[in-house]
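A short write-up of the structure that comes next.
The values are calculated or read from the model by the stated rules, or taken from the named source; none is laboratory data. Just so you know, these numbers come straight off a predicted model, no measurement behind them. Each accessible area value is taken on the protein alone, full model and side chains, heavy atoms only, with ligands, DNA and RNA left out. Shrake-Rupley method; radii C 1.70, N 1.55, O 1.52, S 1.80 Å.
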Amino acid sequence: MKSNGCKLGLGAAPAGMLRTPLWAAAQGSTPAYPNRPIRVIVPFPAGGGIDTVIRILAPRMTEALGQPLVIDNRAGASGTLGTEVVAKSPADGYTLLGTFSSHSQNQILYRSLPFDTLRDFAPITVFGTVPNILISNPSLPVKSVKELVALAKARPNALNYGYSGVGGFGHISGELFALMTNTKMVHVPYKSAAPSLTDLVAGQIQVLFNNAISTVPFVQAGRVRALATTGAQRLAVLAELPTIAEAGVPGYANSSW
């Protein structure tokens, strides 16, 4: 999460912004922060990885802060639409941004943004890191990364792989995989994890690079086949699942914070 003055993933913060409210409260002229509900903008649709994490954390943060956190999903343009709302909101700590690593890479991937990533935001904390999981529809005749690579090479551009958001974490994972394996698959962007998982289960796409948070339940239920994790280390919750590097693509690693 970042902060705009306090914006949680948040927005533009004047120097001393975090100190001023405490000093003023000590003088008896300004109520202590926070004294009203805090809006947390998630620049992605409900049901995705970051949205899930924020909703898990919100009750504990509400308890600690003594004020409710109101989650506001503002999806679009790989997170830039909701992020712009935060950047242009007052730098008073009552508009926070819950986002992930695409926040830092968008300034490189897009020709222009309606905000300055470094100037307009102050980071508050990192909750953790999470890899994607490379999954396939169970009907696809592959059970490993090596078999997927072999099929993709035998049938260039015949397989469709999905991801959430152009330039997002899943897109970068897929393009890195294609580059390092010298394969060609057709990329299909989605607005969020939920519709991409639905289409994978339905067979509309064959392969998906998706965040572990929303993917693990589908793997455990047998609705999709997990081939590998994009992280540098295995996931404890799927300890038998190899990393892509272990599965035949040495040097591959891509995780999001």
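The length gained on full extension between GLN220 and ALA178, counted as 0.36 nm times the residue separation minus their Cα-Cα distance, comes to 12.5 nm. Normalising the average separation of contacting C-alpha pairs (under 8 angstrom, six or more residues apart) by the number of residues puts the relative contact order of the range 39-109 at 44 percent. For ALA228, the residues whose modelled amide H falls within less than 5 Å of its own, excluding neighbours fewer than 5 places apart on the same chain, are LEU134. Among beta bridges identified by DSSP and lying wholly in the chain, the antiparallel ones come to about 45 percent.
If a/c stays under 1.5 just call it rounded; otherwise compare a/b with b/c (prolate if a/b is bigger, oblate if not). Do that for the chain, with a ≥ b ≥ c from the square roots of the Cα gyration tensor eigenvalues. If you can, show how the numbers build up before the last one.
Numbers: a/c = 2.62, a/b = 2.20, b/c = 1.20.
Verdict is prolate for the chain.
Lysine pair count for the chain with Cα-Cα distance under 19 Å and sequence separation of 8 or more or different chains is 6. Residue ranking by accessible heavy-atom surface, 1.4 Å probe, largest first, among HIS187, HIS103 comes out as HIS187, HIS103. Helices of the chain meeting both criteria, an alpha-carbon length of 20 angstrom or more along the long axis and an average Kyte-Doolittle score not below -1.0, with helices taken as full DSSP H segments, are 49-65.
Please compute the contact order of the chain in relative form: average sequence separation of alpha-carbon pairs under 8 Å and at least six residues apart, divided by the residue count, as a percent. Reported relative contact order: 22 percent.
So what is the 222 nm mean residue ellipticity for the chain from helices alone, if each DSSP H run of at least 4 adds -39500 (n - 2.57) and you divide by all residues, rounding to the nearest 500 deg cm²/dmol?
Working: 8 runs with 82 residues, N = 257.
That comes out to -9500 deg cm²/dmol.
On the accessible surface of the range 64-154, probed at 1.4 Å, how many percent belong to carbon and sulfur atoms? Here carbon and sulfur together make up 56 percent of the probe-accessible area.
Note that the range 153-224 presents 44 Å² accessible area per residue, ligands and nucleic acids not counted, probe 1.4 Å.
Rolling a 1.4 angstrom probe over the protein heavy atoms with all chains in place gives the range 87-127 an accessible area of 55 Å² per residue.
Between amide H atoms placed 1.01 Å from N, distances below 5 Å from ASN73 occur with VAL42, all of them 5 or more places distant or on a separate chain.
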